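For reference, the structure is listed below as structure tokens.
The values are calculated or read from the model by the stated rules, or taken from the named source; none is laboratory data. As the structure is a computational prediction, the values presented were derived from the model and not from experiment. All Cβ positions, glycine included, derive from the backbone under ideal geometry; neighbour counts span all protein chains shown.
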Amino acid sequence: MTKVAVVILNWNGKELLEKFLPSVIKYSSLPGTSIFIIDNASTDDSVDFVKKNYSQIEIINLDKNYGFAEGYNKGIDKIDAKYFVLLNSDAEVSENWLNVIQLMEEDENIAVCQPKIKSFLEREYFEYAGAAGGFIDKFGYSFCRGRIFNVYEIDNNQYNTPTDIFWATGACLFIKADLYKIAGGLDENFFAHMEEIDLCWRLKNRGYKIKYSPYSTVYHLGGGTLNKTNPQKTYLNFRNNLYLLYKNLPPSYVFSTLLIRLLLDAIAGFKFLLGLEFNNFWAVIKAHISFYFNLNKFYKKRKENLKYNKFYKHPEIYKHSIAFDFFFKKVRTFKEIKF
């Protein structure tokens, strides 16, 4: 059995593989480490490129594009390892990046861990997808140490201590393989975006820890599949955030929180409308329609989660509104937030 399986999901990503695989090969020499590429039925020649240039990488070919969540699940099902490292194809790793494993082995209760995520293009800054560890507020809005909405902090070593976090980024997610499978992996109904937050929340509710390790740095390009202004990304973010809340909130908060989110999403939708972003406005509407039409499916998932949940109160959930703090109180850095 492989100890550490570095797993990269690919779909028509030859240019990204050409650019970023060399660092993965160079810095993944930890004994017992193997590299896998799960290919979502690419139509470019990315698979041939890997076969020709990196024969040590094992390729798992899928029969169609299953998206991020289901693609990983189907590929990982074919890998026998102690740890999985889900690594985006647009990530550059650095020396000793696999040291995260040492932190995880110190505590059997740590299920998931992420390294420091910095911008590939502006390397002194933290990057959107994860930064120095993820958190959410009581309405389900995510933010990070080092990044609140679209404001990024410079890394001045202010987050150089291992810390409990609420969610770890899917851009580079270290997870114990048995817990990945016990928890059911990534939720395939998310397709892409926020599925890692859902997985972390499920594990938190079961009593496991999610950690941030400052001893490893990964540089993430970001926006490799969908950029931030893409209406499809808007749709997935709004829809999946509703899924996230409905699946994981305690019974006493779920409906009141969703009602408030309906109001907040309506405000966001009208903001798109006023800005003449008609496609994004329609994406918010479609997100809510999809959520309500699939409530029965997610009711079954919620009911299944409730069987295993032990905890609902997590200190990493901000008990106020990060949006209110950001837009009205002008909070711009994590240290300004009063948990």
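Looking at residue 167 and the list (1) in contact with a Cys (Cβ under 6 Å, 6 or more places away or on another chain); (2) surrounded by fewer than 24 Cβ atoms within 10 Å (Cβ to Cβ); (3) not small (Gly, Ala, Ser), which single condition is not satisfied?
That leaves (2) as the condition not met.
Which pairs have Cβ atoms under 8 Å, sit 6 or more apart or on different chains, and link a residue in the range 169-184 that is over 18 Å from residue 74 (Cβ atoms) to one that is assigned to a helix (DSSP H, G or I) and among the aliphatic types (A, V, I, L, M)?
174/100; 174/101; 174/104; 176/104; 179/203
Contact list please: Cβ distance under 7 Å, first residue in the range 54-69 and in the same structural domain as residue 20 (by TED's automatic domain parsing), second residue among the polar types (S, T, N, Q) and surrounded by 15 or more Cβ atoms within 10 Å (Cβ to Cβ), pairs at least six apart or on different chains.
Sorted first by the residue in the range 54-69, then by its partner, the pairs are 58/34; 62/40; 65/40; 66/40.
Working carefully through the options 90, 45, 39, find the one that is loosely packed, with under 13 Cβ neighbours inside 10 Å and acidic (Asp, Glu).
On inspection, the qualifying residue turns out to be 45.
Just checking, does the range 241-259 include any residue being on the phi < 0 side of the Ramachandran plot, touching a Gly at 6+ places or on another chain (Cβ under 9 Å) and not in a helix (DSSP H, G or I)?
Yes, that holds for at least one residue.
For residue 281, work out the one condition from (1) touching a Gly at 6+ places or on another chain (Cβ under 6 Å); (2) part of a helix (DSSP H, G or I); (3) touching a residue at least 40 places away in the same chain (Cβ under 8 Å) it doesn't fulfil.
Unmet for residue 281, out of (1) touching a Gly at 6+ places or on another chain (Cβ under 6 Å); (2) part of a helix (DSSP H, G or I); (3) touching a residue at least 40 places away in the same chain (Cβ under 8 Å): (3).
Show me the helices (runs of 4 or more DSSP H) entirely contained within the range 42-107 in which 1 or more residues are modelled with pLDDT under 95 and under 24 Å from residue 244 (Cβ atoms).
Ranges flagged: 67-76.
How many residues does the range 310-339 contain that are surrounded by fewer than 17 Cβ atoms within 10 Å (Cβ to Cβ), within 20 Å of residue 244 (Cβ to Cβ) and of a type in the set (S, T, N, Q)?
Of the residues in that region, 0 qualify.
If residue 131 passes every condition in (1) touching a residue at least 40 places away in the same chain (Cβ under 8 Å); (2) within 16 Å of the chain's Cα centre (by Cα) but one, which one does it miss?
Condition (1) is where residue 131 drops out.
Within the range 192-201, is even one residue surrounded by fewer than 18 Cβ atoms within 10 Å (Cβ to Cβ) and touching a residue at least 40 places away in the same chain (Cβ under 8 Å)?
Within the range 192-201, not a single residue is surrounded by fewer than 18 Cβ atoms within 10 Å (Cβ to Cβ) and touching a residue at least 40 places away in the same chain (Cβ under 8 Å).
On the basis of being among the small types (Gly, Ala, Ser) and in contact with a Cys (Cβ under 6 Å, 6 or more places away or on another chain), does residue 252 make the cut?
Details: among the small types (Gly, Ala, Ser): yes; in contact with a Cys (Cβ under 6 Å, 6 or more places away or on another chain): no.
In short, no.
Of the residues 272, 238, which single one is outside any loop (DSSP other than H, G, I, E, B) and more than 16 Å from the chain's Cα centre (by Cα)?
Checking each option against the conditions leaves just 272.
Considering only residues of the range 213-235 that are assigned to a loop (DSSP other than H, G, I, E, B) and among the aliphatic types (A, V, I, L, M), which is modelled with the lowest pLDDT?
Taking the candidates together, the pick is 226.
Answer yes or no: is there a residue in the range 2-16 that is in contact (Cβ under 8 Å) with a residue 60 or more places away in the chain and more than 18 Å from residue 72 (Cβ to Cβ).
Yes, the range 2-16 has at least one match.
Residue 285 - would you say it is within 11 Å of residue 238 (Cα to Cα) and of a type outside the set (Asp, Glu)?
So residue 285 fits the description; yes.
Any idea how many residues of the range 310-323 are over 17 Å from residue 167 (Cα atoms) and either within 22 Å of the chain's Cα centre (by Cα) or modelled with pLDDT of 95 or more (or both)? Break it down stepwise before answering.
So in the range 310-323, the residues over 17 Å from residue 167 (Cα atoms) come out as 310, 320-321, 323.
Subsequent filtering for residues that are either within 22 Å of the chain's Cα centre (by Cα) or modelled with pLDDT of 95 or more (or both) retains 320-321, 323.
Adding up the residues that qualify gives 3.
Could you check, for the range 236-257, whether at least one of its residues is modelled with pLDDT under 95 and of a type in the set (Lys, Arg)?
No, there is no match, as no residue in the range 236-257 is modelled with pLDDT under 95 and of a type in the set (Lys, Arg).
Just name the residue that is farthest from residue 163 (Cα to Cα) out of those in the range 101-127 that are out of contact with any Gly (no Cβ under 7 Å at 6 or more places or on another chain) and surrounded by 24 or more Cβ atoms within 10 Å (Cβ to Cβ). First the steps, then the outcome.
Step one: filter the range 101-127 for residues out of contact with any Gly (no Cβ under 7 Å at 6 or more places or on another chain), giving 101-113, 115-116, 118-125.
Remaining after also requiring surrounded by 24 or more Cβ atoms within 10 Å (Cβ to Cβ): 111-113, 115-116, 118.
On the way: 111: 14, 112: 12, 113: 10, 115: 11, 116: 11, 118: 17 Å.
Here the answer is 118.
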